[in-house]
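Note sheet for the following structure.
No lab work stands behind these numbers, since they all come straight from the coordinates. Just so you know, these numbers come straight off a predicted model, no measurement behind them. Note that each Cβ is placed from the backbone with ideal geometry, even for glycine, and that neighbours are counted across all protein chains shown.
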Amino acid sequence: MAAQTVKNALRQLRVLRGWTQQELGAKVGTSRQAIIAIENGRFDPSLTLAIRLSRVFEKPIEEIFFLDH
Amino acid sequence: MAEEPGLLADLWHESCKSFAAMPRWSQITLVIGMVVFIAAVLPPLDRLPKIPLATVRTAAFLALVVGLIATARMRDEFFLRVYLHACAIAFILSSTIVFASLAYDIPLGRNTFTVLDLSFLIGFFGAFWWLRRP
């Protein structure tokens, strides 16, 4: 089975709401750098942070993070 | 929409936030470690006898390291990853340099310490830059 990577729609969702990376970071209790790195796919967030993002965007986690086929 | 205030400004800002979020004991440990470490390489402390001076320097260095670990624990996932990458890079880089120095029979002596710390610094800045680049 080929390795699958996790993609995310964080940037699109954030831009749609007109939030800056700093603002989103503050809403979920993380740094702006963490938001940049997640948006750019440098690392996947922990489950705790993913749940916080899901709550802030009011979307299920799988609509924010999904496997790249 | 990448909001880019610059690498060093970012690092300074986040380090200050991290320091402010630390428990009081670790803030005090870090500051004492830093002040004593610097003082122990300058006069008049540097004129102490060898053993007491070495003890003061070692204790100050340990306090500095404990304080730095506390700052890492305070920060979010991004910084934990920066520290993790920095440790991995430092291990690979410094062990290669130390091994090469043995293989080529070049005695590093006290410079081994510089190699270790410089490798960590390079790893830290490198990881910070790589993880946040657009």
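In whole Hz and in residue order, list the ³J(HN,Hα) couplings for segment B:13-23 that follow from phi through the Karplus curve 6.51 cos²θ - 1.76 cosθ + 1.60, θ = phi - 60°; x for Gly and Pro.
4, 5, 5, 5, 4, 5, 4, 5, 7, 6, x
How big is the gap, in Å, between the Cα center of segment A:1-41 and the Cα center of segment B:106-134?
29
Calculate one ³J(HN,Hα) per residue across segment B:47-59 by plugging θ = phi - 60° into the Karplus curve 6.51 cos²θ - 1.76 cosθ + 1.60, and present them in order as whole Hz with x for glycine and proline.
In residue order, the calculated couplings are 9, 5, x, 3, 5, x, 5, 4, 5, 4, 5, 5, 4 Hz.
Using the Karplus equation 6.51 cos²θ - 1.76 cosθ + 1.60 (θ = phi - 60°), what ³J(HN,Hα) coupling, rounded to whole Hz, does each residue of segment B:119-124 give in order, writing x for Gly and Pro?
4, 5, 4, 4, x, 5
Residues of A:24-36, mean number of Cβ from any other protein chain within 10 Å of their own Cβ, rounded to a whole number?
Averaged over the peptide's residues, the number is 5.
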